[in-house]
2 protein chains.
Amino acid sequence: MSLPHAILTALLEKPSSGLELTRRFDRSIGYFWSATHQQIYRELGKLEEARLIRALPSSQPARGRRKEYEVLPAGRSELAGWVGRTEDPKPIRDALLLRMRAAAVVGTEGLDAELRRHLDLHRRQLAEYEDIEKRHFPPERDAAEDRLRHVVLRGGIELERFWIGWLTEALGELERLPPAPR
Amino acid sequence: MSLPHAILTALLEKPSSGLELTRRFDRSIGYFWSATHQQIYRELGKLEEARLIRALPSSQPARGRRKEYEVLPAGRSELAGWVGRTEDPKPIRDALLLRMRAAAVVGTEGLDAELRRHLDLHRRQLAEYEDIEKRHFPPERDAAEDRLRHVVLRGGIELERFWIGWLTEALGELERLPPAPR
DNA sequence: CCCCGTTGTGCAACTTGTTGCATAACGGGG
DNA sequence: CCCCGTTATGCAACAAGTTGCACAACGGGG
């Protein structure tokens, strides 16, 4: 259950409204913990009720009215505690690997196109990450906390490289296969 | 929605009962599409109702009584169609990357231990994969369909290597950090 | 001044996945 | 022959994530 902690992190970096958070989840934070606006609004409600965050007094409560939140001390310590908490890595659940395995049984028809499409998507994502890296983390200018963020970004970068490599390999294997497999 | 297709694949490879499937999901198939016995039983029920699979006649229906399933032709074509279907890659949602990012804001306390623990887990998993590779895919003996399965396994292997690399890098960064970050 | 597109918040219903537990059949040891 | 551990199936309640839509405020153009 990490969504609340993702939100706390985002709000600590900068107090925001729900929609603003949603946008930021479409960019930086969401690169490793995605969430829809629905999840975010619901969770903001819960966090407020739990007194981990509060709405800035300036924003009076009314539907359709912008409402900005900030993290309370209780929220910060909750997050600090969570950082060191133990949680097993989630087992992989990837549809593409599954498709590949299924293809070994019922034939590969249509799979190559999908692999190529993903390859393209991952290349774009990689390009975007590398762009961010260039802009946010110029060589040897990292302050202590920036270096942690940089490591996270490099994780994203290397993950994309992994996919590009695997997809390329998989496509090669598909082509090398007998023309009409089943 | 890939669980039904994971089950169809598994059943095509070998007709099985619910528990047997569960065990196989703890090993091979589950390495890239995990599922609990609950999900599996529920899904078997749905698939049977949809006439994509059927219980083998030998196994009479009774609670606590072993019930073996096989895939019907309709199931096989459903799976074949699914293989080439289009589906965007799911955005990453990884708690460890998130923790790292949170650590940049509230401090890294306890994070290093968790990273080391994961590093160990990933090393074990890698060793297991490499063992499977050695046993199931000896060099230059791959038949056509084995090669696809082999590519899938190599995906798992390289993914583990990615994590090991990243965790090592991240740990290095943590150590290099000022001793009392906040 | 009012209409309409944009910004922003939110409810409700649904799907998927998790957890805890209940229950039935089977087989071997006392 | 009956007790109990193992094998096997399953219900129910919950938690998390997704989708579709409703509705309020705001601001600019006609």
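Sort through B:175, B:133, B:169, B:109 and tell me the only one that's surrounded by fewer than 18 Cβ atoms within 10 Å (Cβ to Cβ), of a type in the set (D, E, K, R) and within 29 Å of residue A:174 (Cα to Cα).
None of the others qualify; the one that does is B:133.
Can you tell me which residues in the stretch B:74-112 are among the small types (Gly, Ala, Ser) and assigned to a helix (DSSP H, G or I)?
B:74, B:75, B:77, B:80, B:81, B:95, B:102, B:103, B:104 - these are the residues of the stretch B:74-112 that are among the small types (Gly, Ala, Ser) and assigned to a helix (DSSP H, G or I).
Tell me which of these residue A:65 doesn't satisfy, since it passes every other one: (1) more than 14 Å from DNA strand D (Cβ to nearest atom); (2) of a type outside the set (A, V, I, L, M); (3) without any contact (Cβ under 8 Å) to a residue 12 or more places away in the chain.
With (1) more than 14 Å from DNA strand D (Cβ to nearest atom); (2) of a type outside the set (A, V, I, L, M); (3) without any contact (Cβ under 8 Å) to a residue 12 or more places away in the chain applied to residue A:65, the lone miss is (1).
Tell me, which residue of the stretch A:1-32 that is among the aliphatic types (A, V, I, L, M) and buried (at least 23 other Cβ atoms within 10 Å of the Cβ) is nearest to DNA strand D (Cβ to nearest atom)?
Filtering first and then ranking leaves A:6.
Is there a residue in the stretch B:15-30 that is of a type outside the set (S, T, N, Q), outside the structural domain of residue B:158 (by TED's automatic domain parsing) and more than 18 Å from the chain's Cα centre (by Cα)?
Checked the stretch B:15-30: at least one residue is of a type outside the set (S, T, N, Q), outside the structural domain of residue B:158 (by TED's automatic domain parsing) and more than 18 Å from the chain's Cα centre (by Cα).
Checking residue A:118 against (1) more than 12 Å from every other protein chain (Cβ to nearest Cβ); (2) over 15 Å from the mean Cα position of the chain (by Cα); (3) within 19 Å of residue B:93 (Cβ to Cβ), which single condition isn't satisfied?
All conditions are met except number (1).
Mind checking whether some residue in the stretch B:125-137 is part of a loop (DSSP other than H, G, I, E, B) and either in contact with a helix residue (DSSP H, G or I) (Cβ under 6 Å, 6 or more places away or on another chain) or not assigned by TED's automatic domain parsing to the domain that holds residue B:170 (or both)?
So far as the stretch B:125-137 goes, yes, one or more of its residues are part of a loop (DSSP other than H, G, I, E, B) and either in contact with a helix residue (DSSP H, G or I) (Cβ under 6 Å, 6 or more places away or on another chain) or not assigned by TED's automatic domain parsing to the domain that holds residue B:170 (or both).
Scanning the stretch B:33-47 for residues that are more than 9 Å from chain A (Cβ to nearest Cβ) and either part of a loop (DSSP other than H, G, I, E, B) or of a type in the set (Phe, Trp, Tyr) (or both), which turns out farthest from DNA strand D (Cβ to nearest atom)?
B:36
Being at pLDDT 90 or above and away from DNA strand C (no atom under 14 Å from the Cβ) narrows it down to one of A:48, A:78, so name that one.
Within the list A:48, A:78, the selection yields A:78.
Is it the case that some residue within the stretch A:25-38 is among the basic types (Lys, Arg) and within 13 Å of DNA strand C (Cβ to nearest atom)?
no
Is it the case, given these coordinates, that residue B:159 is more than 7 Å from chain A (Cβ to nearest Cβ) and either in contact with a Cys (Cβ under 7 Å, 6 or more places away or on another chain) or modelled with pLDDT of 90 or more (or both)?
Against the criterion (more than 7 Å from chain A (Cβ to nearest Cβ) and either in contact with a Cys (Cβ under 7 Å, 6 or more places away or on another chain) or modelled with pLDDT of 90 or more (or both)), residue B:159 does not qualify.
Out of the residues in the stretch B:71-114 meeting the condition of being under 30 Å from residue B:14 (Cα atoms) and polar (S, T, N, Q), tell me which one is nearest to the other protein chains (Cβ to nearest Cβ).
The selected residue is B:86.
Please verify whether the stretch B:41-64 includes one or more residues that are under 30 Å from residue A:9 (Cα atoms), surrounded by fewer than 13 Cβ atoms within 10 Å (Cβ to Cβ) and more than 20 Å from the chain's Cα centre (by Cα).
Among the residues of the stretch B:41-64, not one is under 30 Å from residue A:9 (Cα atoms), surrounded by fewer than 13 Cβ atoms within 10 Å (Cβ to Cβ) and more than 20 Å from the chain's Cα centre (by Cα), which makes the answer no.
Among the residues of the stretch A:123-133, is there at least one that is under 30 Å from residue B:105 (Cβ atoms), modelled with pLDDT under 95 and at the interface with chain B (Cβ under 8 Å from one of its Cβ atoms)?
Looking through the stretch A:123-133, none of the residues is under 30 Å from residue B:105 (Cβ atoms), modelled with pLDDT under 95 and at the interface with chain B (Cβ under 8 Å from one of its Cβ atoms).
Check whether at least one residue in the stretch B:151-172 is over 22 Å from the mean Cα position of the chain (by Cα) and closer than 25 Å to residue A:115 by Cα, and report yes or no.
The answer is no, given that none of the residues of the stretch B:151-172 is over 22 Å from the mean Cα position of the chain (by Cα) and closer than 25 Å to residue A:115 by Cα.
Kindly provide the set of residues from the stretch A:75-86 that are open to solvent by less than 50 Å² (accessible area, probe 1.4 Å) and either over 21 Å from residue A:47 (Cα atoms) or without any contact (Cβ under 8 Å) to a residue 40 or more places away in the chain (or both), ordered by number.
Answer for the stretch A:75-86, where residues must be open to solvent by less than 50 Å² (accessible area, probe 1.4 Å) and either over 21 Å from residue A:47 (Cα atoms) or without any contact (Cβ under 8 Å) to a residue 40 or more places away in the chain (or both): A:80, A:81, A:83, A:84.
The values are calculated or read from the model by the stated rules, or taken from the named source; none is laboratory data. Predicted model only: the values in this text are computed from it and were never measured. All Cβ positions, glycine included, derive from the backbone under ideal geometry; neighbour counts span all protein chains shown. Note: accessible area is taken over every heavy atom of the protein model, side chains too, but ligands, DNA and RNA are not part of it. Shrake-Rupley method; radii C 1.70, N 1.55, O 1.52, S 1.80 Å.
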